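Single-structure report; data block below.
The values are calculated or read from the model by the stated rules, or taken from the named source; none is laboratory data. Fair warning: this is a prediction, and the values are worked out from it, not measured in the lab. Positions of Cβ are generated from backbone atoms using ideal geometry, with glycine treated the same way; all protein chains shown enter the neighbour counts. Areas reflect the complete protein model, heavy atoms only, side chains present, ligands, DNA and RNA absent. Shrake-Rupley method; radii C 1.70, N 1.55, O 1.52, S 1.80 Å.
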Amino acid sequence: MLPRRLLLALAGAAMLQAQAPTAPVISARGVTNFFTQEPAPGTVALGGLVQISGLNLGPPEGATAAGTPWPTRLADVQVVVGGRLAPLYSVSPGAILAQVPPNANMGLVDVVVRRPSGNSAPAHVIVNALVPAVRTVKDRGYGAPWGMVTAQTIVTTADGLGATDVAIAPGDVGPSDTPAIPKAPISAYVGGLRATVSATASTQRPGEFDVSITVPSGARSGDLITLAANRQAANLTQFQPMAASDVQFVPLPARAPTIANLIDTGVNGNFLVATSARGSDGCYSAITVNMAAKSLAVAPDCFTSVAAAIPAAVAPNQSDAIGALMGPPQGDAQSGISSTVKIYSAAGDPLTVTLPAAASTLTTTPTGFVAAIPGTPAQLATIDAVTGAVQIAPAGQGAGGAGAGAAPGGATPTINVNGLTHVYASAGIGQNRTAVIAGDDALKPTKAAFAVLSAAGDVVIFQDFPGGYLPLLNAVAPARPGQAAPAVPPREPALYDAAARVFFVLARATDASKDAFMAFSATADPKIAAFPAGWFAASCTADIRLLSLGLVNQLAVAGSKVAEPEYKTACPGAGFLTLDLAQASLTAIPLPDAGSMRVPSTRADTSLSQMNNYVFGVRLDPTRAATSDTVYVLDGVNGNAFILPVPSTVNGFTDASVQQIPELNSLLAQTIDRLAGDQGLILFNLDEQKTTNLPVPDGFTTVANLDDGATACCLVTRKLAGRALKQGGSSVAIYDLITGDVTVAPNPEGITSVGFPPAANPGGNAAPAGSLIFANARANTISAVAYNGNRQAGIIVVRVP
């Protein structure tokens, strides 16, 4: 059976076929990682397996490689990935399974199918050196790993683990006499417990690795399997799936400190640290909790941080450890507060790490810790979360500028471009050169130009803005009463196309009669890509967004039928505009119902955004601020817009609650009638153009989604978790996105609420300061402080099936 996403891609390809009927056509969403099945744009490793879907891709009878190495021509088909011919396993009219050539170009690359009847238009895939991926049962990309799983051993297959110590020819298998081992270090966890793992290139299947994991003592059904290459994690899978939620509880001792913050490790949701509020001596009391062992211990050490607003304990999101600076603090932010770090995990006793000098803060990388040591010069101490090893390096000068194509933030550089001293947009273009758009006034320019500057600031290239146009700057939000005017000047939305070496910037005619994108380059005169007649950029916002549609090499921007000159609190949009970067031409796509879309005024507002080449926004409801009843969607691949209204059982949703679920090409929002979540949650499936109400569980009045700040929990098993409330109590609710079922994890005996007490929740879902309930999608768990009435009674961890 073909995966559902492949069927959708095939349907999409039918709409894309604009070539001769016999020419191959790749669906623009049809190139994906065969093992992870993530939505396009897929990400695949050099040497990994790629799935291509479309129309007329192969002969009607199909063909499969007879042996190894796989050929680069199978039947009458060739495939070029990243400029190189790809080894082919199978070809058919609707699908091709191929290997990314180990010497392919990397980044967002073209994929082309060649047949005697013609070549397909290029589709795109992202190729990286490493993309660890585990094959799953039924090739769904999630759930149980493909292979053999016992209580002692997990034997499965993976790809994307990188180059091997013994070179393997494209399309060929690993040698049987001398096993080919990945050069990248391979690691694994089962249930967040460190596991012994080995990986060798398969001697039977090109592009694949045979992976064997020894199940650690203490692993349980329902635990997640984390495989990583060079500490980059693969798609998560589940060890021996369990049928129902597992509710774990550890009571607090009678004189335990009041918990102000709860944290678990990145991959082990069963090991937690709870800390109190910061005392006057700069210390936090701490409790370590090993939920699997049903043990709880008060830490004898004083945890500390530089200020009460900074958490005392931190956890890397791809590690099994939690770290903290040890106090009492010996100084301040300028001199450092502690030279001792302790690292806690379920693997054993805490590691004590001594730094060369006192650090002021402790933060994390994906797999370790970083201590900032003030001084001249300032230093960064990188700490290995497993061994405690420390590496010292000079502190950097900041996070760096915006990436290519992004309008920069932060301080405006001091320049003088032929008398123009204000910079509206800039981008690094290589060879130590910077492209800028400069003008004569910070707010309302009367003259502007494009220039290329050398590293010394000398003008290398200078081009005036085409006559009759000036930069279109973001609107300036007026200062609120009692607040100073914004210190940061408005910017011009811009994108640098590094492949074509063209700088695209928004512009408006001086008489406000039309808008356009200016296309500046170092080798040609400026080109004007005019907006369709009667269309303008929605410019009554302090954040005009250019949204990248990489699969079709386009940009999208919210469009308006009015050239708005000033900022509006409720900025309306009438549709979407797409800019074809190659053709420098624009297309307008009106909203299907002729309604108005709310254009956000700040970057923090995510109700207008882009996900996997879908652009979405919400209907502007002038009668209810920050509330909507419809999602507008632009399918950036097919160039059409559609609407997703809320179900008839739902009144509306809060704009700010819109959350992306890229794995499912779906959006999640919290309903609202009188209270947030009083009609449950709403799932908007963009692939299927379908809206589903996830209702409030029976016996409860409202529900709020729980997530880990990055991923909606717990999508390894396609579940969502929520906190369901009723008069005097709350519980964890779990929604199955496959079946639509909702279940409530039962509270332990004597527990009335999870997360925070009823007294802190008079009618909404806003939690008090600190993290007292959260989900962990890397462990399939929900953790919370448990209450008996208003008294903290213990720690609860719900393992999601």
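Any residue at all in the stretch 739-753 that is small (Gly, Ala, Ser), at pLDDT below 95 and surrounded by fewer than 19 Cβ atoms within 10 Å (Cβ to Cβ)? Checked against the condition, which is being small (Gly, Ala, Ser), at pLDDT below 95 and surrounded by fewer than 19 Cβ atoms within 10 Å (Cβ to Cβ), the stretch 739-753 yields at least one hit.
The residue of the stretch 331-375 that is nearest to the chain's Cα centre (by Cα), among those that are closer than 30 Å to residue 191 by Cβ and outside any strand (DSSP E or B), is 366. Only one of the numbered conditions (1) within 29 Å of the chain's Cα centre (by Cα); (2) in a strand (DSSP E or B) is violated by residue 319, and that is (2). Restricting attention to the stretch 447-476, the residues that are outside any strand (DSSP E or B) and under 21 Å from residue 488 (Cβ atoms) add up to 5. Within the stretch 386-398, is there a residue that is open to solvent by less than 50 Å² (accessible area, probe 1.4 Å) and under 30 Å from residue 432 (Cα atoms)? Yes, that holds for at least one residue.
Taking only the stretch 446-464 into account, find how many residues are in contact (Cβ under 8 Å) with a residue 24 or more places away in the chain and open to solvent by 20 Å² or more (accessible area, probe 1.4 Å).
Step one: list which residues in the stretch 446-464 are in contact (Cβ under 8 Å) with a residue 24 or more places away in the chain, which gives 446-453, 457, 459-463.
Those still in the list that are open to solvent by 20 Å² or more (accessible area, probe 1.4 Å) too: 446-447, 457, 459-463.
Qualifying residue count, the stretch 446-464: 8.
Considering each residue of the stretch 147-161 in turn, none proves to be surrounded by fewer than 23 Cβ atoms within 10 Å (Cβ to Cβ), in a loop (DSSP other than H, G, I, E, B) and on the phi > 0 side of the Ramachandran plot.
Scan the stretch 233-246 residue by residue and report those that are of a type outside the set (D, E, K, R) and surrounded by fewer than 19 Cβ atoms within 10 Å (Cβ to Cβ). Correct list: 240, 241, 242, 243, 244.
Table: residues versus (1) more than 27 Å from the chain's Cα centre (by Cα); (2) among the aromatic types (Phe, Trp, Tyr); (3) under 16 Å from residue 437 (Cα atoms); (4) open to solvent by 10 Å² or more (accessible area, probe 1.4 Å).
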position	(1), (2), (3), (4)
507	yes, no, yes, no
514	yes, no, no, yes
517	yes, yes, yes, no
567	yes, yes, no, yes
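Hey, any hits in the stretch 167-186 for a residue that's more than 27 Å from residue 64 (Cα to Cα), open to solvent by 60 Å² or more (accessible area, probe 1.4 Å) and touching a Gly at 6+ places or on another chain (Cβ under 7 Å)? Looking through the stretch 167-186, at least one residue is more than 27 Å from residue 64 (Cα to Cα), open to solvent by 60 Å² or more (accessible area, probe 1.4 Å) and touching a Gly at 6+ places or on another chain (Cβ under 7 Å).
Picking from residues in the stretch 116-130 that are over 29 Å from the mean Cα position of the chain (by Cα) and open to solvent by less than 40 Å² (accessible area, probe 1.4 Å), the one that is farthest from residue 40 (Cα to Cα) is 118.
So in the stretch 187-209, with the set limited to residues that are assigned to a strand (DSSP E or B) and open to solvent by 60 Å² or more (accessible area, probe 1.4 Å), which one is nearest to residue 247 (Cα to Cα)?
Top of the filtered list is 194.
The conditions of being open to solvent by 10 Å² or more (accessible area, probe 1.4 Å), modelled with pLDDT of 95 or more and closer than 30 Å to residue 190 by Cβ are not met by residue 798.
In the stretch 703-724, the condition of being open to solvent by 40 Å² or more (accessible area, probe 1.4 Å) and modelled with pLDDT of 95 or more is met by no residue.
Evaluate the following for residue 542: is it over 15 Å from residue 620 (Cβ atoms) and either of a type in the set (D, E, K, R) or open to solvent by 10 Å² or more (accessible area, probe 1.4 Å) (or both)? Judged against the criteria, residue 542 is a match.
Quick one: in the stretch 47-80, which of the residues that are in a strand (DSSP E or B) and over 24 Å from residue 203 (Cβ atoms) is most open to solvent (accessible area, probe 1.4 Å)? Checked the stretch 47-80; the qualifying residue most open to solvent (accessible area, probe 1.4 Å) is 55. Identify all residues within the stretch 575-633 that are among the β-branched types (Val, Ile, Thr) and open to solvent by 30 Å² or more (accessible area, probe 1.4 Å); write none if there are none. Selection gives 587, 602, 606, 623.
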